[in-house]
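Have a look at the structure below before the remarks.
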């Protein structure tokens, strides 16, 4: 019996707002239904982005090293499930198993790499052309986003986009420091 998948919005599994589903089939054997997925539309994307915006208020306060620890645990889970996920990619897309496993490995590699960036996340200070001034940069989160990726690397490509976004947020303390700096230096 095929697995029935759901969206995960606002911390809960849920069907598409339309109630419709799509069958995902094995391209090598179209009678092999891998599972059913929500036929999600604009209302589902809007609900997910709204939930992400609400969550961002507290998520942005999590220090980057802690976000890195969470991402490290996600990398370990991907590694633990690599064989299963690689086979699923192969079954759903028709890739050879080595390619399906490679897709998952790309996500694992990105997760471990970005988890480490949680401890190295820095801005820059460079000289200014003005006396007694420095030019500083800091990483500032831009907020929630939705993501549409191509089908050919269903695990790796979302990881390439999502994992850096998870790490690159900055808390209120950093924003307050920026305001203090601007107030002190007349900017």
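The values are calculated or read from the model by the stated rules, or taken from the named source; none is laboratory data. For clarity, every value in this text was computed on a predicted model and none was experimentally measured. Positions of Cβ are backbone-derived with ideal geometry, glycine not excepted, and every protein chain shown enters the neighbour counts.
What the table below lists for this structure:
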| read-out | value |
| --- | --- |
| Complete set of residues in the range 22-39 that are farther than 14 Å from residue 8 by Cα and surrounded by 15 or more Cβ atoms within 10 Å (Cβ to Cβ) | 24, 25, 26, 34, 35, 36 |
| Any hit, the range 40-54, residues being over 19 Å from residue 147 (Cα atoms) and either modelled with pLDDT under 95 or surrounded by 13 or more Cβ atoms within 10 Å (Cβ to Cβ) (or both) | no |
| Listing of strands (runs of 3 or more DSSP E) fully contained in the range 1-108 that carry 2 or more residues being in the same structural domain as residue 150 (by TED's automatic domain parsing) | none |
| Test: residue in the range 4-14 that is farther than 26 Å from residue 146 by Cβ, touching a residue at least 24 places away in the same chain (Cβ under 8 Å) and buried (at least 16 other Cβ atoms within 10 Å of the Cβ) | no |
| Qualifying residues in the range 93-129 (those that are buried (at least 17 other Cβ atoms within 10 Å of the Cβ) and farther than 27 Å from residue 72 by Cβ) - the one farthest from the chain's Cα centre (by Cα) | 95 |
| Residue check, residue 123 more than 19 Å from residue 149 (Cβ to Cβ) and in contact with a helix residue (DSSP H, G or I) (Cβ under 7 Å, 6 or more places away or on another chain) | no |
| The range 29-54: number of residues that are within 21 Å of residue 94 (Cβ to Cβ) and touching a helix residue (DSSP H, G or I) at 6+ places or on another chain (Cβ under 8 Å) | 2 |
| The range 130-153 - residue that is surrounded by 11 or more Cβ atoms within 10 Å (Cβ to Cβ) and touching a strand residue (DSSP E or B) at 6+ places or on another chain (Cβ under 8 Å) and, of those, farthest from residue 68 (Cα to Cα) | 134 |
| Scope the range 130-174; condition part of a loop (DSSP other than H, G, I, E, B), modelled with pLDDT of 85 or more, over 13 Å from the mean Cα position of the chain (by Cα) and at negative phi; matching residues | 130, 131, 133, 150, 151, 152, 153 |
| Test: residue 62 is surrounded by 13 or more Cβ atoms within 10 Å (Cβ to Cβ), touching a helix residue (DSSP H, G or I) at 6+ places or on another chain (Cβ under 6 Å) and within 21 Å of residue 162 (Cα to Cα) | no |
